[in-house]
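Asker: Next up is a structure, given as structure tokens.
The values are calculated or read from the model by the stated rules, or taken from the named source; none is laboratory data. Here the structure is a predicted model, which is why all the values come from computation and not from measurement. Ideal geometry is used to build each Cβ from the backbone, glycine not excepted, and the neighbour counts take in all protein chains shown.
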There are 2 protein chains.
Amino acid sequence: MRRPTLDTVARQVGVSRATVSNAYNRPDQLSARLRERIIETAKQLGYAGPDPVARSLATQRAGSVAFMLCDGLSSAFSDPALSIVLDALAATVDSGDRALLLLPGVSEGGPRAQSVIRAQTDVVVAYSLPDDAPALRAVRERALPLVVVDQPIVPGSAIVRVDDFGGARLAARHVLDLGHRRVAVLGFGLSADGHRGPATPERVEKAHFRVTLDRYAGYLDGLAEQGIVAGEVPFWEAPGSVRELGREGARWLFGLRPRPTAVLCMSDELALGAVRAADELGLAVPGEVSIVGFDDTPAASWGVPSLTTVRQDLVEKGRQAGALALRMLDGARPGRPVTIGVKLQVRGSTAPAPA
Amino acid sequence: MRRPTLDTVARQVGVSRATVSNAYNRPDQLSARLRERIIETAKQLGYAGPDPVARSLATQRAGSVAFMLCDGLSSAFSDPALSIVLDALAATVDSGDRALLLLPGVSEGGPRAQSVIRAQTDVVVAYSLPDDAPALRAVRERALPLVVVDQPIVPGSAIVRVDDFGGARLAARHVLDLGHRRVAVLGFGLSADGHRGPATPERVEKAHFRVTLDRYAGYLDGLAEQGIVAGEVPFWEAPGSVRELGREGARWLFGLRPRPTAVLCMSDELALGAVRAADELGLAVPGEVSIVGFDDTPAASWGVPSLTTVRQDLVEKGRQAGALALRMLDGARPGRPVTIGVKLQVRGSTAPAPA
DNA sequence: CAGCGTAACTGAAGCGCTTCAGTTCTCGCT
DNA sequence: AGCGAGAACTGAAGCGCTTCAGTTACGCTG
């Protein structure tokens, strides 16, 4: 005995299949009494409504938004920024009656191409993927509409980004204003190769991550206002926005001579790791070293000291990404990139440079 | 000019549709040369392989595992335990060639029934939902296989749970052994009503969350060994496993007279909030108050002081849930509940009771 | 009362794919 | 030469639903 279908119900009630379909999808197309009878019969037969897959085939819409991310879920969600963006995105697409299909990355390079090819989805949102992610090729092959968050730049896709350059420059100017002149950068990886260590000019040259590059450039641009040049600014690459990695990088930075008095971090998580490293080395924050984060996640204001950081509106970012995805579905053109603004949030982790 | 289909390719190559299908799905059914020609032609036509939705309809498998959670994503992922479980789950189902469909909750009660009814999925995993979640009814109506993580108890579903009772008892015994006699509980909500405040016996009576109840019972059971009874154990309900809520609850608990010397927390996040509250009130941890967490998330070992906590193997939990989901798909019976073991992880947040 | 608009319902053509029972052809073996 | 086995490929029947162009019947208008 098979599961009931539209047909089973139709026959039982003695109407056509179309009518049963209408009972579920266009109540105005039949009399209320008949509709009620149909629903009632369906319930008795254990029919739970039109099969979603068959409906998708007939309507030519999968009804889901795929979300691709670079790493696996656990490392991804240790980045609180992602949770916030994803939540806002989910709320937006859900209210548009679509589900969220999650495609986590494998081994740093994003999801497998195969996962994308088999995904039942109408549109995909790529969250901060490397330029050469195989998943992106697959998206193009399937000719699916694409919304890119942060990076990379993909022709024909809609884009939501943050003013990384401007934000980083704000951070740099801030420490400059406080009198700091020996400034270091604690940042994300330049490429998806898991490199962990000081960045070399060559690596900067052939970087794959726009965000890393833009923030780095923003820092340098700001610092240039006091004549500080790239060569004087140590830059540690951490292959992920994780506290532990920030701690490790900061340790190295604090070991340099002359020791930097300010560390510009590309995320709050890295910054919190840096604070920890300073603690462990007996360096007072912000007395001896100032630390600036990026993102303004909840943890930034929670900690002791609270974090001076570059605030980006993460909820807005997720919402915009969702809205763009929905709009792309209606066949809208990608349009201009949406840029989320930033501002400096001064708190307790920065202070005038020590004498 | 429409998108190409199997048929387009078949006609172009001059073979039957079945053969093209075989080229993608059963390479052994045709000669390598023909297969190559087909793939080549497909590429030229811009055909990216069989349409996933149509394939699903034909094969009668949606190819995805739905994951339902109680809250929205952002609050959900502020619970690091979830990230870990979800990641392990994702890895397991992905290797089984299935995608993860995320169904976040709305307003504390889990996902909407409608979301479940329209979900293209073969099996659903429910993560710590309240007993009366409408989504669960929808799952039953659709007769989808169900794997429940933690709670509630649903007849006919597979279950992955943790030895909550035993773990809680371990925590209670630990503080007892250290000489504590005034012990408080800082826990999750008993029902999905967002209640925030001291728990009353009536609320305990008609609780909806098994986990909260079991842990509470475990604490009491342990404490009973020194003759401590429920009435002597203040219990604050926090409507979520969030640091800020833990802090608030702990404040209240620390305001009681006589002040508890030990606080048993149902999660590490709550415990970290309690540590913070103690700090702010000038209470030394563990000198004046001991605090025990639950879960052993990364944050537990990271903080100062590090957290004494009940460790559950979260990765294993996610993996088991994934494996069960996959097995249910093959028509396996639910079987006995899988219980993940716990053990006490003693660290720096507990010490002998003050004299 | 003819004419017409509308509400209520139906028939049938897809949506794009898989799969199974054939059919044909080739080749090795006796 | 004859036979059988296997390889290579095909035809057609679904999978369960939506949708659109009709068809019927009915009440209303002039």
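Asker: In region A:158-175, is there at least one residue being in contact with a Pro (Cβ under 6 Å, 6 or more places away or on another chain), modelled with pLDDT of 95 or more and either closer than 24 Å to residue A:59 by Cβ or part of a loop (DSSP other than H, G, I, E, B) (or both)?
Answerer: Within region A:158-175, one or more residues are in contact with a Pro (Cβ under 6 Å, 6 or more places away or on another chain), modelled with pLDDT of 95 or more and either closer than 24 Å to residue A:59 by Cβ or part of a loop (DSSP other than H, G, I, E, B) (or both).
Asker: Still on this model: If you scan region A:186-239, which residues turn out to be out of contact with any His (no Cβ under 9 Å at 6 or more places or on another chain) and among the hydroxyl-bearing types (Ser, Thr, Tyr)?
Answerer: Residues satisfying the conditions are A:200, A:212, A:216, A:219.
Asker: Give me the pairs: first residue in region B:276-288 and in the same structural domain as residue B:249 (by TED's automatic domain parsing), second residue in a helix (DSSP H, G or I), beta-carbon distance under 6 Å, and six or more apart or on different chains, which are they?
Answerer: Listed pairs, sorted by first residue: B:276/B:247; B:277/B:247; B:277/B:250; B:277/B:251; B:281/B:254; B:285/B:275; B:285/B:278.
Asker: Is it the case, given these coordinates, that residue A:48 is outside any helix (DSSP H, G or I), within 8 Å of another protein chain (Cβ to nearest Cβ) and surrounded by 24 or more Cβ atoms within 10 Å (Cβ to Cβ)?
Answerer: Values: outside any helix (DSSP H, G or I): yes; within 8 Å of another protein chain (Cβ to nearest Cβ): yes; surrounded by 24 or more Cβ atoms within 10 Å (Cβ to Cβ): no.
Taking the combined requirement at face value, the residue does not satisfy it.
Asker: Quick check: anything in region B:40-61 more than 16 Å from DNA strand C (Cβ to nearest atom) and out of contact with any Lys or Arg (no Cβ under 8 Å at 6 or more places or on another chain)?
Answerer: Going through region B:40-61, the residues more than 16 Å from DNA strand C (Cβ to nearest atom) turn out to be B:40.
The next check asks that each one be out of contact with any Lys or Arg (no Cβ under 8 Å at 6 or more places or on another chain); those that pass are B:40.
Yes, the conditions are met somewhere in region B:40-61.
Asker: Now for a different question. Out of all the residues in region B:56-65, which are in a helix (DSSP H, G or I) and at the interface with another protein chain (Cβ under 8 Å from one of its Cβ atoms)? Steps first, answer last, please.
Answerer: The initial filter retains those residues of region B:56-65 that are in a helix (DSSP H, G or I), namely B:56-59.
Selection gives B:56, B:57.
Asker: From B:59, B:41, grab the single residue that is surrounded by fewer than 18 Cβ atoms within 10 Å (Cβ to Cβ) and among the hydroxyl-bearing types (Ser, Thr, Tyr). Walk me through it before giving the result.
Answerer: On the way: B:41 fails: surrounded by fewer than 18 Cβ atoms within 10 Å (Cβ to Cβ).
Unique residue meeting the criteria: B:59.
Asker: Against the condition assigned by TED's automatic domain parsing to the domain that holds residue B:177 and under 22 Å from the mean Cα position of the chain (by Cα), how does residue B:224 come out, does it pass? Reasoning before the result, please.
Answerer: Numbers: assigned by TED's automatic domain parsing to the domain that holds residue B:177: yes; under 22 Å from the mean Cα position of the chain (by Cα): no.
Criteria not met by residue B:224.
Asker: Right, next: In this structure, does residue A:81 turn out to be closer than 23 Å to residue B:58 by Cα, more than 14 Å from DNA strand C (Cβ to nearest atom), within 12 Å of chain B (Cβ to nearest Cβ) and among the hydrophobic types (A, V, I, L, M, F, W, C)? Walk me through it before giving the result.
Answerer: Numbers: closer than 23 Å to residue B:58 by Cα: no; more than 14 Å from DNA strand C (Cβ to nearest atom): yes; within 12 Å of chain B (Cβ to nearest Cβ): yes; among the hydrophobic types (A, V, I, L, M, F, W, C): yes.
Against the criterion (closer than 23 Å to residue B:58 by Cα, more than 14 Å from DNA strand C (Cβ to nearest atom), within 12 Å of chain B (Cβ to nearest Cβ) and among the hydrophobic types (A, V, I, L, M, F, W, C)), residue A:81 does not qualify.
Asker: For region B:97-110, state whether one or more residues are more than 16 Å from DNA strand D (Cβ to nearest atom), over 16 Å from the mean Cα position of the chain (by Cα) and buried (at least 22 other Cβ atoms within 10 Å of the Cβ).
Answerer: Taking every residue of region B:97-110 in turn, at least one turns out to be more than 16 Å from DNA strand D (Cβ to nearest atom), over 16 Å from the mean Cα position of the chain (by Cα) and buried (at least 22 other Cβ atoms within 10 Å of the Cβ).
Asker: If residue A:67 satisfies all but one of (1) touching a residue at least 60 places away in the same chain (Cβ under 8 Å); (2) more than 25 Å from residue A:117 (Cα to Cα), what's the number of the condition it fails?
Answerer: The failed condition is (2).
Asker: So, one more: So residue A:129 ticks every box in (1) within 20 Å of the chain's Cα centre (by Cα); (2) within 14 Å of another protein chain (Cβ to nearest Cβ); (3) under 22 Å from residue A:99 (Cβ atoms) but one. Which box is left unticked?
Answerer: (2)
Asker: Sort out which residues of region B:3-26 are within 9 Å of DNA strand D (Cβ to nearest atom) and not in a helix (DSSP H, G or I), and write them in order of number.
Answerer: The answer is B:14, B:15, B:16.
Asker: Considering only region A:6-36, state which residues are away from every other protein chain (no Cβ under 12 Å), more than 9 Å from DNA strand C (Cβ to nearest atom) and of a type outside the set (A, V, I, L, M). Can you show your working first?
Answerer: Restricting attention to region A:6-36, the residues satisfying the condition of being away from every other protein chain (no Cβ under 12 Å) are A:6-23, A:26-36.
Filter once more, so that each one left must be more than 9 Å from DNA strand C (Cβ to nearest atom): A:6-9, A:11-12, A:26-27, A:36.
Correct list: A:7, A:8, A:11, A:12, A:26, A:27, A:36.
Asker: Shifting gears a bit: Looking at (1) modelled with pLDDT of 95 or more; (2) more than 11 Å from DNA strand D (Cβ to nearest atom); (3) farther than 14 Å from residue A:142 by Cβ, can you tell me which one residue B:70 breaks?
Answerer: Only one criterion in (1) modelled with pLDDT of 95 or more; (2) more than 11 Å from DNA strand D (Cβ to nearest atom); (3) farther than 14 Å from residue A:142 by Cβ is unmet by residue B:70, namely (1).
Asker: If we only count strands (runs of 3 or more DSSP E) wholly inside region B:66-150, which ones have 1 or more residues that are hydroxyl-bearing (Ser, Thr, Tyr)?
Answerer: Values: elements: B:99-103, B:123-127, B:146-149.
In region B:66-150, B:123-127 are the strands (runs of 3 or more DSSP E) which contain 1 or more residues that are hydroxyl-bearing (Ser, Thr, Tyr).
Asker: Cβ-Cβ below 6 Å, separation at least six or inter-chain, first residue in region B:95-121 and within 8 Å of chain A (Cβ to nearest Cβ), second acidic (Asp, Glu): which pairs?
Answerer: Final answer for the pair search is none.
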